[in-house]
């Protein structure tokens, strides 16, 4: 049974109930999956369809692949890393971990990147961030991780943290 007429009726009722509470400019349907019917829904006017939405700092695409989220997290972390590098003379190990891990690992449990390209994007960010501690800058990546008491992004992802 096709639930499109019922959904359209529910949208109409929602419009009447929440006329002053909803910002219709921000209401957008996203069709997930390949074989979904792409019905036209209306709340007073037609709703703009979207292929990608960003909410609470998490980017969701209609194909539910997380490469956009990984790219955005890496870009944000790299911007912060650049600001830290340009403004701080001395950083200790604890400060580095606090400053970059929050951004690169935000929502990682939800999206759990599984493609090697996504993992390598996030791993590259960690490589660069560990070089900010000047006392260990010349060491190998694995040595820096050991000194900072960190694991590679791949190991943390497989462990579930």
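Would you be able to say whether some residue in the range 135-146 is on the phi < 0 side of the Ramachandran plot, modelled with pLDDT of 75 or more and within 19 Å of the chain's Cα centre (by Cα)?
Taking the range 135-146 as the starting set, the residues that turn out to be on the phi < 0 side of the Ramachandran plot are 135-146.
Those left that are additionally modelled with pLDDT of 75 or more: 135-146.
In the following step, the residues that additionally are within 19 Å of the chain's Cα centre (by Cα) were identified as none.
No - not one qualifying residue is present in the range 135-146.
Please go through the range 59-75 and give me each residue that is crowded, with 16+ Cβ neighbours inside 10 Å and in contact with a helix residue (DSSP H, G or I) (Cβ under 7 Å, 6 or more places away or on another chain), ordered by number.
Correct list: 59, 61, 66, 67, 69, 70, 73, 74.
Evaluate the following for residue 100: is it surrounded by 15 or more Cβ atoms within 10 Å (Cβ to Cβ), touching a helix residue (DSSP H, G or I) at 6+ places or on another chain (Cβ under 7 Å) and part of a loop (DSSP other than H, G, I, E, B)? Full working, then the answer.
Numbers: surrounded by 15 or more Cβ atoms within 10 Å (Cβ to Cβ): yes; touching a helix residue (DSSP H, G or I) at 6+ places or on another chain (Cβ under 7 Å): yes; part of a loop (DSSP other than H, G, I, E, B): no.
So residue 100 fails the test.
Would you say residue 68 is closer than 30 Å to residue 35 by Cβ and in contact with a strand residue (DSSP E or B) (Cβ under 8 Å, 6 or more places away or on another chain)? Please lay out each step first, then the result.
On the way: closer than 30 Å to residue 35 by Cβ: yes; in contact with a strand residue (DSSP E or B) (Cβ under 8 Å, 6 or more places away or on another chain): yes.
Yes.
Within the range 1-60, track down each residue that is part of a strand (DSSP E or B) and modelled with pLDDT of 70 or more.
Residues of the range 1-60 that are part of a strand (DSSP E or B), as a first pass: 42-43, 45-46, 52-55, 58-60.
Passing the criteria: 52, 53, 54, 55, 58, 59, 60.
Looking at the range 110-133, can you tell me whether even one residue there is over 26 Å from residue 52 (Cβ atoms), touching a residue at least 24 places away in the same chain (Cβ under 8 Å) and outside any helix (DSSP H, G or I)? Show your work before the answer.
Taking the range 110-133 and keeping what is over 26 Å from residue 52 (Cβ atoms), we get 127-133.
Cutting the leftovers down to touching a residue at least 24 places away in the same chain (Cβ under 8 Å) gives us 128-130, 132-133.
From what is left, the residues that are outside any helix (DSSP H, G or I) are 132-133.
The answer is yes, given that some residue of the range 110-133 is over 26 Å from residue 52 (Cβ atoms), touching a residue at least 24 places away in the same chain (Cβ under 8 Å) and outside any helix (DSSP H, G or I).
The values are calculated or read from the model by the stated rules, or taken from the named source; none is laboratory data. Note that the coordinates shown come from a computational prediction; the quantities given were computed from them, not determined experimentally. Neighbour counts run over all protein chains shown; Cβ positions are idealised from the backbone, glycine included.
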